[in-house]
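Colleague: Starting off with a structure, shown below.
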Amino acid sequence: MAIERIFTGILGTAAALALWAQDPVLSQSTPEPAAPADNAAAEAGPADAPAPDPLAKGKYLAAAGNCISCHTAPGGEPFAGGVAFVTDFGTLYSTNITSDATAGIGGWTLEQFTRAMREGIDNDGVHLYPAFPYTAFTKIGDEDMAELFAYIKTIPPSSGVPPANEMGFPFNQRSLMAVWNALFFEPARFTPDTAQSAEWNRGAYLVEGLGHCGACHTPRNLLGAEKADAALSGGTYLDEVTGGAVRPWYAVNLTPSQNGLKGWTQDNIVTYLKTGHGTRVGSYGPMNEVITGSTMHLSDADVNAMAVYLKSLKPIENGVTQTIAEKDQRAGETLYTIHCGTCHLPTGLGSTPGSELGAPLVGSAVVQGNDPSTLINIILNGTEVITPAPAKGWKNMKAFGNLLDDDEVATLANYLRTSWGNQGGKVTPAQVAKQR
Ligand code: HEC
Ligand code: HEC
Ligand code: HEC
C-alpha cells in the first residue's frame, strides 16, 4: 500500500512528514495534548490538560489515525490523496481530504464526515472500500470525531484529483460493499471494559480504533474482511519492497505468543513505537510509516497504554513447526556463517543497537512468522531504517537477493526458523521465487 512514500524517499512526502514532525503540537514528547476525554477510558490520561491551540486535539487524533500517510501521495500535497492501494481485488487510490470544496471534503458536514468514518459511506451515499479503515474508525467516540473533523476542515485546500481506480468487475461495483458490510461489519463505538483499568481501555481504544493496527496485523478472509477471532495474530497484505515492486508482507503476530511479542517487555514495545528502534528490533518496513506518521507523535501515556493493551492480549499460538534434516541444517549453518554470522553472531543474539552489527534473530517475530513473506523480503531486499535514522538505531542491512539463489534463501530461512529455540514452518524455494 502506501509504503513507497517512505521507502523511496520521495521528497514531497518526506517534506510533509518533516513538517508534521516539526509541528510544535505533534513533536512534543510530553503527553500534553492527549486525546480528549471521549469515553471512560480516555478520562484516565492527562487528557484534560488545557491545550492552547483549539485544534490541537484534532491534530493529535489525526496523528493517532495516521491520516497523513494514507492520504499523501509521493511528491503530492499533504492530505490530497492519490496514494495507490494494491489489493487482491484491484488498485484503488485514496481521496483528497483537504478543505477544497470540490476536490476535497471542504463542503462536508460533521454528519457526513462521521458517516464516512463510521459506516464507510460518503457524502453522496456511495460506499467506500475498506482499504479506508472505517471498520476500525467506527470505534471513534463523538467528541473525538468532532475534534478530528474541526482539524481536518483547516487543512489547506488542494485541487488535486486522485487517479481513477483500477478495480476489475465485480469489485468496481461499489454497491457490492453494502453486501460486504452486511456480512462482515457492524458499526459500533468503543465500549470500555469495566473490569479493566482505564489505561488498558485507553490502549484498546487506540489500538482497535484510530490506530487501526488490525488493518495489517489481523488475518483477513477471502473477501478481505478481518477475522475477528484471530485479531492481531498476524496478517498478510501487499505493500512495496525496497525498489518499488509490490510484494506480500507479513505483519507479525502482536499477541504475546511464541511467534509474536512474547519476548517483548512493556518498555520494548513503547520504545519501538515512540522511536522506531529498540533493543529487540529497529523499524525498517511498512512499520516505518506507522511510526513516523503516527505512534512517534503520541504521548508517552498513550503509547504506554497501547503497550499495556497489547501485553494483555490472550496469546494466539498459530505458529507452525518443522523438523529439519541434518544436511539442510548444516547447509544452512554454512550459509549463515558466510553471509550473516558476522553481524548477527553465531548465537543469533546480534548486538546492541547503534553498533555496526545486526539485530537479534533469537525469538524474532519476523523470523518465526507463520507466513515467511517479511523474512524473505528482508533477505532479498535488505532493510531500510526510518528517516531520519534514529541516532542509536541499527544501520541498514544490505540486500542478498543477488548473492543468494532461491534454494539458498529457503535453506537459510529454514535454518533461522529452527535454530536457537526459534520455531517456524518450512520455507520453499518456490515461495522465495514468488517474493523476488
Ligand atoms: C490505511 C489507509 C488509510 C488511513 C490510515 C486513512 N484513510 Fe481515509 N481513505 C483511505 C482510502 C483508500 C480512501 C478511499 C476509499 C474509497 O475510495 O472507497 C479513503 C477515504 C476517506 C474519506 C472519504 C472521502 C471521500 O471523498 O469519499 C474520508 C473522509 C477519509 N478517508 C478520512 C480519513 C481520516 C480523517 C483519516 C485519519 C483519521 C483517514 N482517512 C485515514 C485510506 C486511509
Ligand atoms: C552488515 C551486517 C549484517 C549482515 C551481514 C546481515 N544482517 Fe541482518 N540485519 C542487520 C541489521 C543492522 C538489522 C536490523 C535492521 C533494523 O532493525 O532496522 C538486520 C535485521 C535482520 C532481520 C530482521 C530481524 C527482526 O526481528 O526483524 C533478519 C531476519 C535478518 N537481518 C537476517 C539476516 C540474514 C539471513 C543475513 C544473511 C543472509 C543477514 N541478516 C546478514 C545487519 C546485518
Ligand atoms: C500498514 C500496515 C501496518 C499497520 C497499520 C501496522 N503495522 Fe505493525 N507491522 C507491519 C509489518 C509489515 C510488520 C513487520 C515488518 C516491519 O517491521 O515492517 C510490522 C511489525 C510490527 C511490530 C514488530 C516489529 C518486529 O520487527 O518484530 C510491532 C510491535 C508492530 N508492528 C506494532 C504495530 C502497532 C502497535 C500498530 C498500530 C498502531 C501497527 N503495528 C500497525 C505492518 C503494519
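None of the figures in this text is laboratory data; all of them are computed from the coordinates on show. If you're wondering where the values come from, they're calculated on a predicted model, not measured in any experiment. For neighbour counting, all protein chains shown are included, and Cβ atoms are generated from backbone atoms with ideal geometry for every residue, glycine included.
Colleague: Tell me what the chain gives for mean residue ellipticity at 222 nm when only DSSP H runs of n ≥ 4 count, each as -39,500 (n - 2.57), the sum divided by the residue total, rounded to 500 deg cm²/dmol.
Modeller: Calculated from helices alone, the mean residue ellipticity at 222 nm is -9500 deg cm²/dmol.
Colleague: Rounding to the nearest 10 and keeping the result within 0 to 90°, find how far the Cα-based axis of helix 326-339 lies from the longest principal axis of the chain.
Modeller: 70 degrees
Colleague: Return the loop-located chymotrypsin sites (Phe, Trp or Tyr not before Pro) in region 352-433 (DSSP other than H, G, I, E, B) with at most 16 other Cβ atoms within 10 Å of their own Cβ; answer none if there are none.
Modeller: TRP420
Colleague: So, counting K/R as plus one and D/E as minus one, what does the shell of residues with Cβ under 10 Å around GLY363 add up to?
Modeller: Residues close to GLY363 contribute a combined charge of +2.
Colleague: Please order GLU326, GLU77, GLU143 by the number of other Cβ within 10 Å, starting at the fewest.
Modeller: GLU326, GLU143, GLU77
Colleague: Let me ask something else about it. Can you give the percent of C-alpha pairs in the chain whose distance is more than 31 Å?
Modeller: 39 percent
Colleague: On to the next question. Starting from the Kirkwood radius over alpha-carbon pairs of region 326-435, derive D by Stokes-Einstein at 20 °C in a medium of 1.002 mPa s and give it in µm² s⁻¹.
Modeller: So the translational diffusion coefficient is about 152 µm²/s.
Colleague: So what is the relative contact order for region 326-435, in percent, with contacts set as C-alpha pairs under 8 Å and at least six apart?
Modeller: Once normalised by length, the contact order is 28 percent.
Colleague: When the Karplus curve 6.51 cos²θ - 1.76 cosθ + 1.60 is applied with θ = phi - 60°, which whole-Hz ³J(HN,Hα) does each residue of region 174-185 get, with x for Gly and Pro?
Modeller: Karplus values, whole Hz, x for Gly and Pro: 4, 4, 4, 5, 5, 5, 4, 4, 4, 6, 10, 9.
Colleague: Using only alpha-carbon positions, what ratio does the radius of gyration of region 272-372 give when scaled by 2.2 N^0.38 Å?
Modeller: Taking N as the residue count of region 272-372, the ratio is 1.31.
Colleague: A further question on this structure: How much net charge surrounds ILE269 when only other residues with a Cβ under 11 Å from its Cβ are counted (Lys, Arg +1; Asp, Glu -1)?
Modeller: +2
Colleague: Report ³J(HN,Hα) in whole Hz for each residue of region 234-240, in order, from the Karplus equation J = 6.51 cos²θ - 1.76 cosθ + 1.60 where θ = phi - 60°; Gly and Pro get x.
Modeller: Couplings: x, x, 10, 8, 9, 7, 7 Hz.
Colleague: While we're here: Using modelled amide H (1.01 Å from N, peptide plane; none on Pro or chain starts), what sits under 5 Å from the amide H of SER283, excluding residues fewer than 5 places away?
Modeller: Under 5 Å from the amide H of SER283: HIS277, ILE386.
Colleague: Something else now. Given a cut-off of 27 Å, name the pairs among LYS314/LYS392; LYS153/LYS392; LYS59/LYS262; LYS262/LYS392; LYS139/LYS426 whose C-alpha atoms lie farther apart than that in the structure shown.
Modeller: Checking Cα-Cα distances, LYS314/LYS392; LYS153/LYS392; LYS59/LYS262; LYS139/LYS426 exceed 27 Å.
Colleague: Convert each backbone phi in region 91-104 into a coupling constant with the Karplus relation 6.51 cos²θ - 1.76 cosθ + 1.60 (shift: θ = phi - 60°), then list the ³J(HN,Hα) values in order as whole Hz, x for Gly and Pro.
Modeller: Once θ is set to phi - 60°, the couplings for region 91-104 become 10, 10, 10, 6, 8, 7, 10, 6, 7, 4, 5, 9, 7, x Hz.
Colleague: Note the angle between two axes, namely the Cα long axis of helix 110-119 and the longest principal axis of the Cα atoms of the chain, as a number of degrees from 0 to 90, rounded to the nearest 10.
Modeller: 30 degrees
Colleague: Using modelled amide H (1.01 Å from N, peptide plane; none on Pro or chain starts), what sits under 5 Å from the amide H of GLY81, excluding residues fewer than 5 places away?
Modeller: Distant-sequence amide H within range of GLY81: THR72, ALA73, ILE97.
Colleague: So what is the relative contact order for the chain, in percent, with contacts set as C-alpha pairs under 8 Å and at least six apart?
Modeller: 15 percent
Colleague: Okay, moving on. With a 10 Å Cβ neighbour count serving as the proxy for reagent exposure, in which order, fewest first, do THR295, THR87, THR191, THR135 appear?
Modeller: THR191, THR87, THR135, THR295
Colleague: For helix 300-312, report the angle its Cα long axis makes with the longest principal axis of the Cα atoms of the chain; keep it between 0 and 90° and round to the nearest 10°.
Modeller: 60 degrees
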